[in-house]
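Enquirer: Encoded as structure tokens, here's the structure I'll be asking about.
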Amino acid sequence: MPQPPTLKVVEVFASVQGEGLRLGQPTIFIRLAGCNLRCAFCDTKHARRGGQEYTPALLVQEAVKARDRFSCRWVCLTGGEPLLQKVKDLVLGLKARGFSVQVETNGTIRPGVPADWFSVSPKPPRYDVAPGFKRKADEVKLVVSRGLSFQDVKKVRKAFPGRTPLLLQPQSNFAWSVRKGWKLLRLSLDAGLVNIRLTVQAHKILGLP
């Protein structure tokens, strides 16, 4: 009899969402292993490889147990790059147990899962995303790295509908990155770019996982 498919998982934990438009909302995080990119500014390099194998059903059980201790309705699949693995059964299982599911992704892999919220963070050097995300993204985040230029901001803003918020997120809340994010925001406003915001990584300020 064939064994059920498994997912490689780095960690499961409860916290609040520290980034994006869902900032501050209680959330259970499932961090999946593996990534198809190697960004120099990555703050989760430990998730690029390794991980413990779980079946989707067991992960759903882990999320339910976490909800019993930390009442919340959101689960966030993050990484690494969660869409490198076959997470559709996991998403369906979580939704069947009453969870809403967010996926944090670099956007390079087509969105073939029925998530409730897609947080898309295009990455250098090209900042390209799979075509499906241009319609499905609920928010777009750009890490304000040393290499991010105003031309990159304009390119990403043009790639998504104006109704989709574009968030400039300073790299690990570093002071130089906050200053650069402010400068990019001002340039964006002066150029007439719409729906662009400056944000933070609140969990790092609060000292939360």
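Each reported figure results from applying straightforward, stated rules to the coordinates on display, with no laboratory input. Note that the coordinates shown come from a computational prediction; the quantities given were computed from them, not determined experimentally. Please note: Cβ atoms are built from the backbone with ideal geometry, for glycine as well, and neighbour counts cover all protein chains shown.
Enquirer: Relative to the longest principal Cα axis of the chain, at what angle does helix 150-159 sit, 0 to 90 degrees, rounded to 10?
Expert: 60 degrees
Enquirer: For Glu139, what residues show an amide H to amide H distance below 5 Å, using hydrogens built from the backbone and excluding near sequence neighbours?
Expert: Phe118, Val120
Enquirer: Let me ask another. On a 0 to 90 degree scale, rounded to 10, what angle separates helix 56-69 from the longest Cα axis of the chain?
Expert: 80 degrees
Enquirer: Mean residue ellipticity at 222 nm from the helices of the chain, using -39,500 (n - 2.57) per DSSP H segment of n ≥ 4 over the full residue count, to the nearest 500 deg cm²/dmol?
Expert: It lands at -8000 deg cm²/dmol.
Enquirer: Could you check the spin-label model distance between Ser172 and Thr44? Points 7 Å from the Cα along Cα→Cβ, value in nm.
Expert: 1.6 nm
Enquirer: Just in segment 155-208: which chymotrypsin sites (Phe, Trp or Tyr not before Pro) are loop by DSSP and have at most 16 other Cβ atoms within 10 Å?
Expert: In loop regions of segment 155-208 (DSSP not H, G, I, E or B), the sparsely surrounded chymotrypsin sites (Phe, Trp or Tyr not before Pro) are Phe174.
Enquirer: For segment 73-116, list residues with backbone N below 18 Å from a point placed 7 Å from the Cα of Leu208 toward its Cβ?
Expert: 73-79, 100-104
Enquirer: In whole angstrom, how far apart do the alpha carbon centroids of segment 72-113 and segment 158-187 sit?
Expert: Each part reduced to its Cα centre gives a spacing of 25 Å.
Enquirer: Another question about this same structure. Nothing charged except the Cβ atoms of Lys and Arg (+1) and of Asp and Glu (-1): what's the magnitude of the dipole of segment 7-206 about its Cα centre? Round to the nearest 20 debye.
Expert: Roughly 520 debye for segment 7-206.
Enquirer: Between the helical axis of 175-190 and the dominant principal axis of the chain, each derived from Cα atoms, what acute angle in degrees is found, rounded to the nearest 10?
Expert: 60 degrees
Enquirer: For each pair in Lys95/Lys136; Lys95/Lys158; Lys8/Lys141, compute the distance between the two Cα atoms and list the pairs where it is over 23 Å.
Expert: Beyond 23 Å: Lys95/Lys158; Lys8/Lys141.
Enquirer: Moving on to the next point. Modelling each spin label as a point 7 Å along the Cα-to-Cβ direction, I'd like the Leu37/Leu187 distance in nm, to one decimal.
Expert: So the label points at Leu37 and Leu187 sit 1.9 nm apart.
Enquirer: Once the principal axes of the Cα atoms of the chain are found, what is the range along each, listed largest first in whole angstroms?
Expert: Rounded to whole Å, the extents work out to 60, 35, 30 Å.
Enquirer: How about segment 126-209: which trypsin sites (Lys or Arg not before Pro) there are in a DSSP loop, with at most 12 other Cβ atoms within 10 Å of their Cβ?
Expert: Arg126, Arg146, Arg163
Enquirer: Same structure again: What are the aspartates and glutamates whose alpha-carbon lies under 20 Å from the alpha-carbon of Lys180, with same-chain residues fewer than 8 places away excluded?
Expert: Candidates past the 8-residue exclusion: Glu19, Asp43, Asp152, Asp190.
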